[in-house]
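Inspection log for the structure reproduced underneath, given as structure tokens.
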């Protein structure tokens, strides 16, 4: 009689970087499917805390970065510097460790922890009377983008059948009033690295990968730093990180 051992297959080791907003962090899904989290200092993130946070995370669970299967990174919309550093770090890790790379729109991270069915409108990067609105639905038990993000105001935003709009305190007043008129609830979005690593696992599982040379931050508008740079007579950079 042949006895077959029940050997559990090792799962992919996934690192997720979520620093698109002021409060950030990194999460790692280990080979047993357990998720570990390390906060990124909001005071130091833009300068030098992201890589140390990643280093602390790997050391805490006794793993080497070279064991990473895939890196998932939240690409925005979000803060100019936070996105650039996160994406540059993700690209570097992919190049150095030869792991795969997944780009995650931050609107998906905001929806991941919600116990809703959708449709949900995620309104980010609000400025003046406009914001970047992305329509999200739940399909095949995961959140997916059903209408790509675009800049909208109260006259152009699509709230049809929406249950919830995720928007922060900067959400334009006219859009806020419109939501109240049509019965769409407004919830403050959160950007959890645990949610980010779960989406990274989902996208990796269906083969939705990105070339490290092609990944870019999602900026709804030209960053003010770029505008000021050009106004001073300098040329725009040919590419983002």
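Using a cut-off of under 13 Å, list every residue of region 84-121 whose amide N is near the label point 7 Å from the Cα of residue 182 along the Cα-to-beta-carbon line.
Residues 119-121 fall inside that zone.
Please compute the modelled spin-label separation between residue 80 and residue 55, points set 7 Å along Cα→Cβ, answer in nm with one decimal.
Placing both labels 7 Å beyond Cα along the Cβ direction yields 2.8 nm.
Express as a percent, rounded to the nearest 5, the fraction of DSSP beta bridges in region 114-187 (both residues included) that run antiparallel. Provide the component values of the computation, followed by the final result.
Values: 14 of 21 bridges.
Around 65 percent antiparallel, to the nearest 5.
Could you give the length gained by full extension between residue 221 and residue 66, i.e. 0.36 nm per residue of separation minus their alpha carbon distance, to one decimal place?
Values: separation 155, 0.36 × 155 = 55.80 nm, distance 3.59 nm.
Taking 0.36 nm per residue and subtracting the Cα distance, the gain is 52.2 nm.
Explain nothing, just the number: relative contact order of region 114-187, from Cα pairs under 8 Å at least 6 residues apart, as a whole percent.
In percent, rounded to a whole number, it is 33.
Sort 95, 18 so that the residue with the fewest other Cβ atoms within 10 Å of its own Cβ comes first and the one with the most comes last.
On the way: 95 12, 18 30.
By the 10 Å Cβ count, ascending, the order reads 95, 18.
Based on DSSP, what percent of beta bridges with both residues in the chain are antiparallel, to the nearest 5? List each step's numbers first, then the result.
On the way: 25 of 41 bridges.
Of all bridge pairs located within the chain, approximately 60 percent are antiparallel.
For the chain, what relative contact order do you get, as a whole percent, if you take Cα pairs closer than 8 Å and at least 6 residues apart? Show your work: numbers first, answer last.
On the way: 474 pairs, mean separation 51.8, N = 241.
The normalised contact order for the chain reaches 21 percent.
Any idea what the relative contact order of region 155-218 is, in percent, if you count C-alpha pairs under 8 Å spaced at least 6 apart? Please list the in-between numbers first.
On the way: 30 pairs, mean separation 18.9, N = 64.
With pairs under 8 Å counted, the relative contact order is 30 percent.
At 222 nm, what value in deg cm²/dmol follows for the chain if DSSP H runs of at least 4 each add -39500 (n - 2.57) and the sum is divided by all its residues, to the nearest 500? Before the final figure, lay out each step's value.
On the way: 6 runs with 67 residues, N = 241.
After summing the helix terms and dividing by residue count, I get -8500 deg cm²/dmol.
Evaluate region 68-117: find the radius of gyration of its Cα atoms, find its Kirkwood radius, and give the ratio Rg to Rh.
Values: Rg = 12.4 Å, Rh = 11.8 Å.
Result for region 68-117 is an Rg/Rh of 1.06.
So what's the convex hull volume per residue for the Cα atoms of region 114-187, in Å³? Please report the intermediate quantities before stating the final value.
Values: hull volume 5.9 nm³, N = 74.
Taking only Cα atoms, region 114-187 has a hull volume of 80 Å³ per residue.
What ranking of 190, 156, 20 emerges when the number of other C-beta atoms within 10 Å of each C-beta is taken as an exposure proxy, fewest first? Can you show the working numbers first?
Details: 190 14, 156 10, 20 28.
Lowest count first: 156, 190, 20.
Please work out whether the chain counts as rounded, prolate or oblate from its C-alpha gyration tensor, where a ≥ b ≥ c are the square roots of the eigenvalues and a/c under 1.5 means rounded, while otherwise a/b larger than b/c means prolate and anything else oblate? Mind showing how you got there, number by number?
On the way: a/c = 2.16, a/b = 1.33, b/c = 1.62.
Oblate.
Multiply the residue separation of residue 113 and residue 142 by 0.36 nm, subtract the distance between their alpha-carbon atoms, and state the gained length in nm to one decimal. Spell out each step's value before the answer.
Values: separation 29, 0.36 × 29 = 10.44 nm, distance 1.08 nm.
Additional length available on full extension: 9.4 nm.
Would you mind ranking 132, 143 so that the residue whose beta carbon has the fewest other beta carbons within 10 Å leads the list? It would help to have the intermediate numbers written out before the result.
Numbers: 132 22, 143 25.
Listing 132, 143 from fewest to most nearby Cβ atoms yields 132, 143.
Throughout, read-outs are computed from the coordinates displayed, never taken from laboratory work. Keep in mind the model is a prediction, meaning the values are calculated, not measured. Reconstructed Cβ throughout: ideal geometry from the backbone, glycine too, with neighbour counts over all protein chains shown.
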